[in-house]
Amino acid sequence: MKRKDFNIVFSGLSLGEHQFTFELNNSFFELFEYDEHSNLKGDVNIVMNKHNTFLELTFTLNGSVEVVCDRTGLPFDQKLSNTFDLLVKFGDEYDDEDDERLILPHGDYQVNVAQYLYELVVLSIPQKHVHPDVLSGKIIPEYETEDETELEEKKEEEIDPRWDKLKNLLN
């Protein structure tokens, strides 16, 4: 897989809507030397609406990536789903400073979307990784002996007595 595999040639296409699909896997991460997560499986559907003077691209990601649960240390497939809109205009020189707008030089006939796909995938991965079975209560990590409601009750009981005196001032 190479970055040029993610070129969308818009020259010669009629005005209107066009669809492109890109399949993503681990070799996609290798293009960017990204090794934080593995086992990427996904598809990105791009709907390009071609106008006379600009292009509208809508990216839709659906897939999964393997992550390690922060609480249990167990690996699991994290579902990924996200969308992103990009406006492509034409100008005197290339400009990608704006996250939602790309300016291509007049005369360009294609746009490379690899970097946008990479950012879409990486930004779709949650910062906190919690195994779905932990959320449903099927897996309880060994180091957790009490459930969260018991911990909250203990925190309320362990209030510093100085705070109680301050509460009395409100009354």
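No value in this document is a laboratory result; all are computed from the given coordinates. This is a predicted model, so every value here is computed, not measured. Reconstructed Cβ throughout: ideal geometry from the backbone, glycine too, with neighbour counts over all protein chains shown.
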Open item on the list: Out of all DSSP beta bridges in the range 3-146, what portion is antiparallel? Express it as a percent rounded to 5.
Closed with: 90 percent
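Within a 10 angstrom radius of the beta carbon, how do His131, His51, His106 rank from fewest other beta carbons to most?
His106, His51, His131
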Task: Taking the range 3-146 and dividing mean pair separation by its residue count, relative contact order in percent (alpha carbons under 8 Å, at least six apart) - done: 22 percent
Task: Filter on Lys2/Lys79; Lys41/Lys128; Lys41/Lys138; Lys4/Lys50 - keep pairs with C-alpha separation over 23 Å - done: Lys2/Lys79; Lys41/Lys138
Task: Residue exposure sequence - Ser81, Ser136 - by fewest surrounding Cβ within 10 Å - done: Ser136, Ser81
- [ ] Would you indicate which of [x] 47, 23, 13; [y] 46, 16, 12; [z] 22, 18, 15 is the value of semi-axes √(5λ) of the Cα gyration tensor in Å derived from the coordinates of this structure?
- [x] [x]
TODO: With a ≥ b ≥ c taken as the square roots of the eigenvalues of the C-alpha gyration tensor of the range 1-92, please select rounded if a/c is under 1.5 and otherwise prolate if a/b is larger than b/c or oblate if it is not?
DONE: prolate
- [ ] Express in nm, to one decimal, how much length is gained between Asn52 and Asp96 on full extension, taking 0.36 nm for each residue of separation and deducting their alpha carbon distance.
- [x] 13.8 nm
Open item on the list: At a 10 Å Cβ-Cβ cut-off, how would you order Thr53, Thr72, Thr83, fewest neighbours first?
Closed with: Thr53, Thr83, Thr72
Open item on the list: Suppose R0 equals 22 Å. What FRET efficiency, 1/(1 + (r/R0)^6) with r the Cβ-Cβ distance, do Asn45 and Gln127 give to the nearest 0.05?
Closed with: 0.30
Task: Residue-wise HN-Hα coupling along the range 32-38, computed from phi with Karplus coefficients 6.51, -1.76, 1.60 (Hz; x: Gly, Pro) - done: 10, 6, 9, 10, 5, 10, 9
- [ ] Tell me the chymotrypsin sites (Phe, Trp or Tyr not before Pro) within the range 28-127 that lie in a loop according to DSSP and have at most 15 other beta-carbon atoms within 10 Å.
- [x] Phe32, Tyr34, Tyr94, Tyr109
